[in-house]
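Engineer: Can you read through this structure? Questions will come right after.
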Amino acid sequence: MRFLLVLCSVLVFSSCEDKQTSKQTTNPETKVDTLSKKKSKPPKSKKSKPDFPILTDDNAMEFFLEYSKEHDEDKVRITTDFGTIDIQLYDKTRFHRANFVYLTKRNYFDGTQFYRVVKNFVIQGGSSDDYNIAERRRKIGKYLLPPDTKRGYTHKRGAVSMPSSEIENAYKLASPFQFFIVQRQGGAKYLDGDYTVFGEVIDGMDVVDEIANVETDEGEWPLKNVYIRKVELID
């Protein structure tokens with residue numbers, strides 16, 4: 001009889017212990033499962049600020065004013081299939097200098113052409129009929145630069161100047177993506193006052209002369225493309 005009572009007590013205790021253990025083992029698992037089902041929201045991505053602004057007539061001058069203060073480079077080298085042309089940029093024409101430096105750093109001129117050649121006058125570069133060039137311009141912006149013609153610089157032989165935009169404008173606003181180099185002996189001073197001289201060739205006029213002698217069509221475009229392979233800043 002005593003044995004039966006002891007056995008019952010053991011069974012009852014074991015049953016209670018199993019229930020208690022079951023409660024302890026199931027509850028934490030349930031909590032873990034519940035938490036794992038909750039999806040954490042991904043952090044909101046911050047919109048990155050573009051490296052360069054899209055330039056327009058409204059913001060270009062202010063941009064180049066600040067850019068000219070931070071970037072004082074004033075010499076560039078143009079590499080062509082005929083050789084290299086080194087140019088000294090004038091600090092007094094600060095907006096045009098800053099514009100040329102900026103476009104050089106954006107690698108805009110690489111792969112453009114001297115697309116207009118007039119023997120005993122000028123060679124004009126910075127454009128092309130390549131689609132990639134139009135795409136580069138789109139990424140940089142659409143803007144014109146006002147003339148800066150009262151700094152005392154003239155269109156002497158070797159002068160680097162900026163042509164007016166192809167669109168009709170009474171104020172001779174300059175096309176910022178193009179430039180021309182005066183090749184004529186004695187210069188072309190009759191251009192003074194109409195176009196902004198912003199630099200001069202300091203080495204490589206023999207290359208300018210060679211380019212000026214290439215054959216062209218009736219539109220003054222070279223029969224064989226004259227590429228500007230690279231424009232880079234130099235010391």
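Engineer: Packing-wise, with mean Cβ within 10 Å as the measure, how do 117-128, 217-228 rank, highest first?
Structural biologist: In descending order of packing, they fall as 117-128, 217-228.
Engineer: Taking amide H atoms as placed 1.01 Å from N in the peptide plane, list the residues 5 or more away in sequence, or in a different chain, whose amide H sits under 5 Å from that of Gly141.
Structural biologist: Leu55
Engineer: Please tell me the relative contact order of the stretch 109-158 in percent, rounded to the nearest whole number, where contacts are Cα pairs under 8 Å and at least six residues apart.
Structural biologist: This gives 24 percent for the stretch 109-158.
Engineer: Residues with amide H under 5 Å of Ile228's amide H, sequence separation 5 or more or different chain, H placed in the peptide plane at 1.01 Å from N; which?
Structural biologist: Excluding prolines and chain starts, which carry no amide H, the hits are Gly111, Thr112, Gln113, Phe114.
Engineer: With an 8 Å Cα cut-off and a minimum separation of 6 or more residues, compute the relative contact order for the stretch 154-235 in percent.
Structural biologist: 30 percent
Engineer: Under 11 Å from the 7 Å Cα→Cβ point of Asn225, by amide nitrogen: which residues of the stretch 109-137?
Structural biologist: Backbone N within reach: 111-114, 128-133.
Engineer: Continuing with this model, one more query. Just want to confirm a number: the relative contact order over the stretch 58-157, from Cα pairs under 8 angstrom separated by 6+ residues, in percent.
Structural biologist: 20 percent.
Engineer: Something else: What is the dipole size for the stretch 109-235, taken about its Cα centre, with +1 at each Lys and Arg Cβ and -1 at each Asp and Glu Cβ, in debye to the nearest 20?
Structural biologist: For this selection, approximately 400 debye.
Engineer: Related question: For Thr196, list long-range residues whose amide hydrogen, built 1.01 Å from N in the peptide plane, is under 5 Å from its own amide hydrogen.
Structural biologist: For Thr196, whose amide H was placed from the backbone, the distant partners under 5 Å are Asp148, Met162.
Engineer: Assuming 0.36 nm per residue, please report the length gained on full extension of the stretch Arg137 to Asp203 beyond their Cα-Cα distance.
Structural biologist: Result for the pair: 20.9 nm of gain on full extension.
Engineer: By how many nm would the segment from Val214 to Gln185 grow when fully extended, if each residue of separation counts as 0.36 nm and the alpha-carbon distance is taken off?
Structural biologist: 8.7 nm
Engineer: Still on this structure: Please give the contour-minus-distance gain from Asp74 to Asp192: 0.36 nm per residue of separation, less the Cα-Cα distance, rounded to one decimal in nm.
Structural biologist: In short, 40.3 nm is gained.
Values quoted throughout were computed directly from the atomic coordinates according to the rules given, and no laboratory measurement underlies them. Everything quoted here is computed from the prediction, not taken from an experiment. For neighbour counting, all protein chains shown are included, and Cβ atoms are generated from backbone atoms with ideal geometry for every residue, glycine included.
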